[in-house]
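Below is one structure; the comments refer to it alone.
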Amino acid sequence: MPATESYNDEYWMRHALTLAKRAEEAGEVPVGAVLVLNNQVIGEGWNRPIGRNDPTAHAEIMALQQGGQILQNYRLLDAVLYVTLEPCIMCAGAMIHSRIERLVYGATDAKTGAAGSFIDLLRHPGMNHQIEIVSGVLAEECSTMLSAFFWNRRQQKKALKLAMKQNKSTE
């Protein structure tokens, strides 16, 4: 059934941000992804490698897998993937194999980003499929969520170290 309204990149990125919150609530790095085809969601994902004990359980992989199941095809032609953080090399490879049309992401990842920040796998001339990339959609909101998560994690580690130090001194 065709969608009655057409939504823009910001709309879908906001949806990805709500998925990232699910990851954060589970203690995972807050990354969310939504896969859209013909203005309809065909896949959703949020980071779950810790909870699933699976290093491949990234938000993008989860959304691509769900999209493949819904379409009953590993080729996700004409689909657009919205992700709150620039994908890593593993996820970029999965996108190439799935043949998505576009990637739209929020925050850049200078350390591991494979869509142009660290390496540009998605537009590498040797790849058998090229993906259109749109970066920086709601970048500030995406970056803020990630920064706050890692800041809180560092504070928790500091508090734990301090508590352990205090326990040792009272023994």
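Matching residues to (1) more than 19 Å from Trp12 (Cα to Cα); (2) hydrophobic (A, V, I, L, M, F, W, C); (3) assigned to a loop (DSSP other than H, G, I, E, B):
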position	(1), (2), (3)
Ile70	no, yes, no
Leu81	no, yes, no
Ala94	yes, yes, no
Val104	no, yes, no
Gly113	yes, no, yes
His129	yes, no, yes
Val134	no, yes, no
Ser143	no, no, no
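Determine whether the stretch 33-52 contains at least one residue that is open to solvent by 60 Å² or more (accessible area, probe 1.4 Å), modelled with pLDDT of 95 or more and small (Gly, Ala, Ser). Checked against the condition, which is being open to solvent by 60 Å² or more (accessible area, probe 1.4 Å), modelled with pLDDT of 95 or more and small (Gly, Ala, Ser), the stretch 33-52 yields at least one hit. Just one of (1) without any contact (Cβ under 8 Å) to a residue 12 or more places away in the chain; (2) closer than 22 Å to Ala139 by Cβ fails for Asn53. It is (2). For beta carbons closer than 7 Å, sequence separation of 6+ or different chains, a first residue in the stretch 112-133 that is more than 17 Å from Arg102 (Cβ to Cβ) and among the β-branched types (Val, Ile, Thr) and a second that is in a loop (DSSP other than H, G, I, E, B) and open to solvent by 50 Å² or more (accessible area, probe 1.4 Å), the qualifying pairs are Thr112/Phe118. Among the residues of the stretch 129-138, is there at least one that is out of contact with any strand residue (DSSP E or B) (no Cβ under 6 Å at 6 or more places or on another chain), open to solvent by less than 60 Å² (accessible area, probe 1.4 Å) and closer than 21 Å to Leu19 by Cα? For the stretch 129-138, residues out of contact with any strand residue (DSSP E or B) (no Cβ under 6 Å at 6 or more places or on another chain), open to solvent by less than 60 Å² (accessible area, probe 1.4 Å) and closer than 21 Å to Leu19 by Cα: present. Phe118 fulfils the conditions (1) open to solvent by 70 Å² or more (accessible area, probe 1.4 Å); (2) of a type in the set (Phe, Trp, Tyr); (3) within 21 Å of Asn8 (Cα to Cα) except for a single criterion, (3).
For the stretch 1-59, the tally of residues that are within 22 Å of Asp78 (Cα to Cα), in a loop (DSSP other than H, G, I, E, B) and of a type outside the set (Phe, Trp, Tyr) stands at 10. Quick check on the stretch 94-109. Is at least one of its residues open to solvent by 50 Å² or more (accessible area, probe 1.4 Å) and aliphatic (A, V, I, L, M)? The answer is no; no qualifying residue exists.
Residues checked against (1) among the hydroxyl-bearing types (Ser, Thr, Tyr); (2) closer than 11 Å to Ala114 by Cβ:
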position: Ile61; (1), (2): no, no
position: Leu64; (1), (2): no, no
position: Tyr74; (1), (2): yes, no
position: Leu77; (1), (2): no, no
position: Leu81; (1), (2): no, no
position: Ile89; (1), (2): no, yes
position: Ala92; (1), (2): no, yes
position: Met95; (1), (2): no, yes
position: Arg99; (1), (2): no, no
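The values are calculated or read from the model by the stated rules, or taken from the named source; none is laboratory data. Small disclaimer: the values here were computed from a predicted structure and weren't measured. A quick note on method: Cβ atoms are made from the backbone with ideal geometry, for glycine too, and the neighbour counts reach across all protein chains shown. Remember, those area values only see protein heavy atoms, side chains included, never the ligands or the DNA or RNA. Shrake-Rupley method; radii C 1.70, N 1.55, O 1.52, S 1.80 Å.
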